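Undergrad: Handing you a structure now.
Nothing in this text is a laboratory measurement; each read-out follows from the coordinates by a stated rule. In this text, all values refer to a predicted model and were calculated from it rather than measured experimentally. Please note: Cβ atoms are built from the backbone with ideal geometry, for glycine as well, and neighbour counts cover all protein chains shown.
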Amino acid sequence: MKNKEKKRGIFSSPEGGSYLFPFILISSLFLMWGFAHGLLDVLNKHFQEAFTMSKAESGLVQFSTYIAYGLIAFPAGIFMRKYGYQKGIILGLIVYAIGAFSFIPAAYGTSPAPFLVALFIVACGLCVLETAANPYSTVLGPKESSSRRLNLSQSLNGLGWVLGPLIGGHLILGAEAGDTTALTKPYILIGSCVLIITILFFFVKLPDTKEGSEKIQDAAPTAEIFPQKSLWKHKHFVLAFIAQIMYMIAQTGIFALFINYVMELDSSISKVDASRYLAFGGMALFMVGRLSGSFLMARFEANKLLAVYAIACVICMVLVVMNIGLISLVALCVCFFFMSIMFPTIYALGLAGMGTHTKKAASFLTMAVAGGAFSAIIMGAVGEENMAIGFIIPLICFVYISFFGLKGYKVR
């Protein structure tokens, strides 16, 4: 199997051609939604100050974003099955651009509500994109390297997570007091880039890969092993769905309340500096983890790597909850590295053996992102007086993900 993968390459088509260019184009989408998500974690602190919100109330930023995944993922999957990946991607990009430009009229109000609506629209577009791009990335080459391709695509997603708080921290948190257009600037930039990418997808023909065809038998994750089974009879998929929810609860809470935790840990750190810690200390390690993860997948089994990384995150969260100065700060940043491979790896493990259920299963795994909707609200409420206590929640989530990597991933 390894020799076959080396001979064909991870982007080889069944006919001997290459999926490299389609893969690069699809991977650009990962960068765009990573940037959008990275901006969210800057908005929390801004909303707390600009609209006099508590930590829990500022969690509405994440709620308005991630709840969209619970509402849109399944309809997006239906659209994809009927019209294909390419039309789904174009639809997602158009909705994404509409949401981004909606920040312009929202800036003329004095309430956070219009911004939250704009974030919801952006998230609807992101959900459609993720429902298409995640499974499509896995089928652009041999089935044995599906996890590697998805982790490679997600590396650009990691770059977006770095750029989000870095640019957002400068344009939003670093804006002069009373600058009502501060929130619009990064989203005008996003909207413009998305429109350019949309034009590319209009004129570029993507390879047609459909579950059940001869192509997909070799290029997609494992062919359906149990053709008579319904979607929810696949135990490994159900456990993957729960693991993805757990991961999103952990990731969303950690990312959203990172700035609050750092500023409480050291009161001399400003909000702009805290956003730079998030960009370079947290998100940069997240990106490095994604890049290294795609190569480590070639040497180690995906589930084992997932289990080791999840256990490392449990240790990091224990140190964060202990709130012991620099050690806790380092542990918080290091946790980003070990979180990096979790979403794509759980995703790929969950799709293994799903065959004709693949697009439907992908919709549900994308819908699991909605698990992050209430995370920041709950963690903010628990940690309102002491932010460190709130990090007990992601600690519990990582314990479950460790179990999934060790036992729950097995296709039965």
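Undergrad: To the nearest 20 debye, what charge dipole does the chain have about its Cα centre, counting +1 at the Cβ of each Lys and Arg and -1 at the Cβ of each Asp and Glu?
TA: 1780 debye
Undergrad: Quick one: which residues, 5+ away or cross-chain, put their amide H under 5 Å from the amide H of S18? H built at 1.01 Å from N.
TA: S13
Undergrad: As I understand it, the value is the acute angle between the Cα axis of helix 146-168 and the longest principal axis of the Cα atoms of the chain; what does it come to in degrees, rounded to 10?
TA: On a 0 to 90 degree scale, this one is about 20.
Undergrad: Hey, another quick one. Between the range 123-181 and the range 357-383, how far is it from one alpha carbon centroid to the other, in angstrom?
TA: When both Cα centres are located, 16 Å separates them.
Undergrad: Put +1 on the Cβ of every Lys and Arg and -1 on every Asp and Glu Cβ in the range 69-210; which of A182, S153, G169 then has its Cα farthest towards the positive end of the dipole?
TA: S153
Undergrad: Something else now. Roughly how far apart, in whole Å, are the Cα centres of the range 231-264 and the range 33-66?
TA: 17 Å
Undergrad: Now, a different point. Output the lone cysteines of the chain: those with no second cysteine's C-beta under 4.7 Å from their C-beta.
TA: C124, C127, C193, C313, C333, C397
Undergrad: Between A361, F343, G371, whose Cα lies farthest towards the positive end of the dipole of the range 294-412 when Lys and Arg beta carbons carry +1 and Asp and Glu beta carbons carry -1, centred on the Cα centre?
TA: A361
Undergrad: Right, something else. Once you've got the Cα coordinates, tell me which of K304/K410; K82/K235; K143/K359; K304/K360; K87/K233 are over 21 Å apart.
TA: Values: K304/K410 12 Å; K82/K235 27 Å; K143/K359 16 Å; K304/K360 26 Å; K87/K233 30 Å.
Too far apart for the 21 Å limit: K82/K235; K304/K360; K87/K233.
Undergrad: Tell me which of N323, S230, S64 sits at the most positive position along the dipole axis of the chain, charges placed on C-beta atoms (Lys, Arg +1; Asp, Glu -1).
TA: S230
Undergrad: Further question: Let me know the charge dipole size of the range 301-412 about its Cα centre in debye, to the nearest 20, where only the beta-carbon of Lys, Arg (+1) and Asp, Glu (-1) is charged.
TA: On the way: 6 positive and 3 negative charges, 128 e Å.
Dipole magnitude for the range 301-412 comes out near 620 debye.
Undergrad: Neighbour counts of other C-beta atoms within 10 Å: give me E130, E176, E57 arranged from fewest to most. Please report the intermediate quantities before stating the final value.
TA: Details: E130 27, E176 6, E57 18.
Neighbour counts put them in this order, fewest first: E176, E57, E130.
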